[in-house]
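Novice: Dropping a structure here in structure tokens format, bear with me for questions.
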Amino acid sequence: MSVFFLSAPPSISASLITSRSTTTVTSSSSVQILPLPHSQPPPSTLSGRLSSNSLLSNPQTTPISSSGCSLNCPHFESCSGCTHEDNLHRPVILEEATTFFKKLGVSDFTFDTCRLWGWRCRAKLAIRGSWSDPLIGLYQEGTHNVVDIPDCKAHHPSINAAVELLRKGIKILNIDPYDEDERTGYLRYVQMAVTTYNTSLPASERYRSGRVQVSIVWNSRSETSASFEKLNDLATFMWRNGGPNSKVHLIHSVWANFQTSTNNVIFGNRWRHLLGEREFWEHVGGIDVYLAPSSFGQANTRAFDSLLQKLHKYVPLGASVTDLYAGAGVIGLSLASARKCRKEVFICCSDCFEVSFISSTKIFNLNIFRSVRCVEINKESKLAFEKTIDRLPSSIDSSISWHLADTSVEPLSWLVGSEVVVVDPPRKGLDPSLISALQAIRSAERKAMALESPTFKAKDEKRPWILRAREDSIEIPSRTTQEESRSLPQTLIYISCGWESFKDNCMALLSSKAWHLSKAHGFNFFPGTQSIEILAVFKRGAGASVKKKKSGKKKKKKNKPSVSL
């Protein structure tokens, strides 16, 4: 395996293990609902006492049913998080999605219900109120009034336990929450992220024993401010009462983020690790994934893993893959780990250059061509990518590259050389320039042959935005661009978190006759909301038209006369 870090023009972009139930339920609207084992809703109230019996109890698994799928949350309606409390396994939007796909010829649309309670493993919560009565929760719809949600049914139980511990620390240490009007106080927000990756426990116990990375957003410029002592006291309180030497090991680590801005941006640019483990790992899609506190991470890790397992089935063995809007490259690396991606080795002449990539642990010296490209605009994702590849199995022989680039700039260049392209855009959907490139893909074959690869730009590059991007990357010069494949993708796999934008993008792709919709699956990433995650598989070409059956009576077969002997 060789790994290249390269860059191109930057701009804007974004965007975990369980066993599957074998039960399949077919509803009246023809969608197949595929449930996973899920816990019953936790008790409506939480004890203020941190104990393994109350806050981290082992959830029981029950078969799915409409009558047993109510939220039963005391914060419903006052909190802006959930929009409906009944039929969590069947969001209202599911009926519309089923009809939409059926009209497009996908009659076997499936919907994976996943876990219905305690599914959220990542939560950003505002902190307001006073030190004697802190409010830790979400803003009320359309306001900046914080609703306290100590008994949230969506949160992993460890998050609720960590919030309770934080609340106690605020009260005991007299730490003032942030006041937006006066711009005083210290505690602005907190991010709670649960890791269920713990190899010291049996796999069946890891989820319920998840530990929390606590990231405190502090109203100061840095750790040199006068208030840092208060922050350090709060971190120490949480570690002493939730760390490895406490009755229940709840806290994975404590981080600080320093933010003084008056806008609605939650995190500032300055981070500091205070206590606990530095590295945060999760296991998803068959690989260990590193996430920094500033990294984007899926809130519903089990549902995301379920989606990745499904996605693997639609990538042909040995395919060359481009992962757009890749973040830390989890999707691309997951496919490489599943041995879905081709290793391409050139037998070169003696004067051919030799590619070298130096990692923290190994030096690779290979005459090799990449088979997985991950393209991401956020340079902060580079560290997560580097650490994740260091944990990949040594048996992986795919060539992998990560590019700091904006997919909206020269999008066709990212499609060239790939048999499969995977897109996981933010809620707004695909960039218009990428849609146009996909629509015109049939007429782009000739252009692709003359197009210069973004991986190997000319040495005399002068565009300042490209040069700046290269400063943060590792660039490999090449004299073998003529050897590079100029094929264009035959398969497009679209992962969508925005239903409205997906519908628009889908119809735009189909209207060009360059693509047809082959398969579609839904995932219940956010039970209790109107949102569903979509995995759609498009294939090149207009697809086979649906032939109408001819009406008419069938000819009856004439009965042969019986012969008696």
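Novice: Going by what's in this entry, would THR62 be described as modelled with pLDDT under 90, touching a Gly at 6+ places or on another chain (Cβ under 8 Å), over 30 Å from CYS506 (Cβ atoms) and surrounded by fewer than 17 Cβ atoms within 10 Å (Cβ to Cβ)? Let's see the steps before the verdict.
Specialist: Values: modelled with pLDDT under 90: yes; touching a Gly at 6+ places or on another chain (Cβ under 8 Å): yes; over 30 Å from CYS506 (Cβ atoms): yes; surrounded by fewer than 17 Cβ atoms within 10 Å (Cβ to Cβ): yes.
Against the criterion (modelled with pLDDT under 90, touching a Gly at 6+ places or on another chain (Cβ under 8 Å), over 30 Å from CYS506 (Cβ atoms) and surrounded by fewer than 17 Cβ atoms within 10 Å (Cβ to Cβ)), THR62 qualifies.
Novice: For segment 525-545, state whether one or more residues are at pLDDT below 55 and either exposed (fewer than 15 other Cβ atoms within 10 Å of the Cβ) or under 18 Å from the mean Cα position of the chain (by Cα) (or both). Spell out the reasoning first.
Specialist: First pass over segment 525-545, keeping only residues at pLDDT below 55: 545.
Filter once more, so that each one left must be either exposed (fewer than 15 other Cβ atoms within 10 Å of the Cβ) or under 18 Å from the mean Cα position of the chain (by Cα) (or both): 545.
Within segment 525-545 (the criterion being at pLDDT below 55 and either exposed (fewer than 15 other Cβ atoms within 10 Å of the Cβ) or under 18 Å from the mean Cα position of the chain (by Cα) (or both)), the answer is yes, since at least one residue qualifies.
Novice: Hey, another quick one. Select from segment 157-173 the residues that are in contact with a helix residue (DSSP H, G or I) (Cβ under 9 Å, 6 or more places away or on another chain) and farther than 13 Å from LEU234 by Cα and list them in ascending order. Break it down stepwise before answering.
Specialist: Of segment 157-173, the ones in contact with a helix residue (DSSP H, G or I) (Cβ under 9 Å, 6 or more places away or on another chain) are 161-162, 165-166, 168-170, 172-173.
Correct list: ALA161 only.
Novice: Right, next: Cβ-Cβ below 7 Å, separation at least six or inter-chain, first residue in segment 280-292 and more than 16 Å from SER253 (Cβ to Cβ), second in a strand (DSSP E or B) and open to solvent by less than 20 Å² (accessible area, probe 1.4 Å): which pairs?
Specialist: VAL289/GLU282
Novice: Going through segment 138-161 one residue at a time, which ones are hydrophobic (A, V, I, L, M, F, W, C) and buried (at least 23 other Cβ atoms within 10 Å of the Cβ)? So that I can check it myself, show each step before the final result.
Specialist: Kept after step one, since they are hydrophobic (A, V, I, L, M, F, W, C), are these residues of segment 138-161: 138, 146-147, 149, 152, 154, 159, 161.
Residues satisfying the conditions are ILE149, CYS152, ALA154, ILE159, ALA161.
Novice: Answer with yes or no whether ALA319 is surrounded by fewer than 24 Cβ atoms within 10 Å (Cβ to Cβ) and closer than 29 Å to SER204 by Cβ. Walk me through how you get there before you give the answer.
Specialist: On the way: surrounded by fewer than 24 Cβ atoms within 10 Å (Cβ to Cβ): yes; closer than 29 Å to SER204 by Cβ: no.
It is false that ALA319 is surrounded by fewer than 24 Cβ atoms within 10 Å (Cβ to Cβ) and closer than 29 Å to SER204 by Cβ.
Novice: Let me ask something else. Considering only segment 420-445, state which residues are charged (D, E, K, R), within 22 Å of ILE534 (Cβ to Cβ) and open to solvent by 60 Å² or more (accessible area, probe 1.4 Å).
Specialist: Looking only at segment 420-445, we keep the residues that are charged (D, E, K, R), and these are 424, 427-428, 431, 442, 445.
The next check asks that each one be within 22 Å of ILE534 (Cβ to Cβ); those that pass are 424, 427-428, 431.
If the condition is that a residue be charged (D, E, K, R), within 22 Å of ILE534 (Cβ to Cβ) and open to solvent by 60 Å² or more (accessible area, probe 1.4 Å), then ARG427, LYS428 are the ones that fit.
Novice: Looking at segment 162-178, which of the residues that are over 25 Å from HIS249 (Cβ atoms) and of a type outside the set (Asp, Glu) is most open to solvent (accessible area, probe 1.4 Å)? Explain how you work it out, then say what you get.
Specialist: First, the residues of segment 162-178 that are over 25 Å from HIS249 (Cβ atoms): 174, 176-178.
From what is left, the residues that are of a type outside the set (Asp, Glu) are 174, 177-178.
Values: ASN174: 75, PRO177: 8, TYR178: 17 Å².
If we take residues in segment 162-178 being over 25 Å from HIS249 (Cβ atoms) and of a type outside the set (Asp, Glu), then ASN174 is most open to solvent (accessible area, probe 1.4 Å).
Novice: I've got another one for you. Please enumerate the residues belonging to segment 202-240 that are assigned to a loop (DSSP other than H, G, I, E, B) and open to solvent by 50 Å² or more (accessible area, probe 1.4 Å). Even if it seems obvious, please write down each step before you answer.
Specialist: Restricting attention to segment 202-240, the residues satisfying the condition of being assigned to a loop (DSSP other than H, G, I, E, B) are 202, 207-210, 219-227.
Matches in segment 202-240: PRO202, ARG208, ARG221, THR224, ALA226.
Novice: Select from segment 90-137 the residues that are among the aliphatic types (A, V, I, L, M) and surrounded by fewer than 20 Cβ atoms within 10 Å (Cβ to Cβ) and write down the one among them that is nearest to LYS171 (Cα to Cα).
Specialist: Of the residues in segment 90-137, the ones among the aliphatic types (A, V, I, L, M) are 92-94, 97, 104, 106, 116, 123, 125-127, 135-136.
This time we only want the ones that are surrounded by fewer than 20 Cβ atoms within 10 Å (Cβ to Cβ), so: 92-93, 104, 106, 135.
Numbers: VAL92: 41, ILE93: 42, LEU104: 57, VAL106: 56, LEU135: 11 Å.
Out of the qualifying residues, it is LEU135.
Novice: Evaluate segment 265-284: report whether one residue or more is closer than 15 Å to ASP424 by Cβ and touching a helix residue (DSSP H, G or I) at 6+ places or on another chain (Cβ under 7 Å).
Specialist: Here is the first cut: in segment 265-284, the ones closer than 15 Å to ASP424 by Cβ are 284.
Remaining after also requiring touching a helix residue (DSSP H, G or I) at 6+ places or on another chain (Cβ under 7 Å): 284.
So far as segment 265-284 goes, yes, one or more of its residues are closer than 15 Å to ASP424 by Cβ and touching a helix residue (DSSP H, G or I) at 6+ places or on another chain (Cβ under 7 Å).
Novice: Any chance you could count how many residues in segment 241-259 are in a loop (DSSP other than H, G, I, E, B) and open to solvent by 60 Å² or more (accessible area, probe 1.4 Å)?
Specialist: Residues of segment 241-259 that are in a loop (DSSP other than H, G, I, E, B), as a first pass: 243-250, 259.
Of the ones still in play, those that are also open to solvent by 60 Å² or more (accessible area, probe 1.4 Å) are 244-245, 247.
Count: 3.
Novice: Among the residues that make up segment 494-507, is at least one of them among the hydroxyl-bearing types (Ser, Thr, Tyr), over 23 Å from GLY81 (Cβ atoms) and open to solvent by less than 10 Å² (accessible area, probe 1.4 Å)?
Specialist: Yes - at least one qualifying residue is present in segment 494-507.
Novice: Before we move on, is LEU415 over 17 Å from the mean Cα position of the chain (by Cα) and within 24 Å of LEU307 (Cα to Cα)?
Specialist: Values: over 17 Å from the mean Cα position of the chain (by Cα): yes; within 24 Å of LEU307 (Cα to Cα): yes.
So LEU415 fits the description; yes.
Novice: Has segment 100-108 got any residue that is within 26 Å of the chain's Cα centre (by Cα), polar (S, T, N, Q) and over 29 Å from GLU182 (Cα atoms)? Walk me through it before giving the result.
Specialist: Within segment 100-108, the first condition is being within 26 Å of the chain's Cα centre (by Cα), and the residues that meet it are 100-101, 106, 108.
Among the residues that remain, those that are also polar (S, T, N, Q) are: none.
Checked against the condition, which is being within 26 Å of the chain's Cα centre (by Cα), polar (S, T, N, Q) and over 29 Å from GLU182 (Cα atoms), segment 100-108 yields no hits at all.
Novice: Select from segment 510-520 the residues that are open to solvent by less than 20 Å² (accessible area, probe 1.4 Å) and touching a helix residue (DSSP H, G or I) at 6+ places or on another chain (Cβ under 6 Å) and write down the one among them that is modelled with the lowest pLDDT. Please lay out each step first, then the result.
Specialist: The first filter runs over segment 510-520 and keeps only residues open to solvent by less than 20 Å² (accessible area, probe 1.4 Å), leaving 514-515, 517, 520.
If we keep only those that are touching a helix residue (DSSP H, G or I) at 6+ places or on another chain (Cβ under 6 Å) too, we end up with 514-515, 520.
On the way: ALA514: 94, TRP515: 97, ALA520: 98.
The selected residue is ALA514.
The values are calculated or read from the model by the stated rules, or taken from the named source; none is laboratory data. Every value quoted in this text rests on a predicted model; they were computed, and no experiment measured them. Note: ideal-geometry Cβ built from the backbone for every residue, glycine included; neighbour counts use all protein chains shown. The area values use the complete protein model at the heavy-atom level, side chains included, leaving out ligands, DNA and RNA. Shrake-Rupley method; radii C 1.70, N 1.55, O 1.52, S 1.80 Å.
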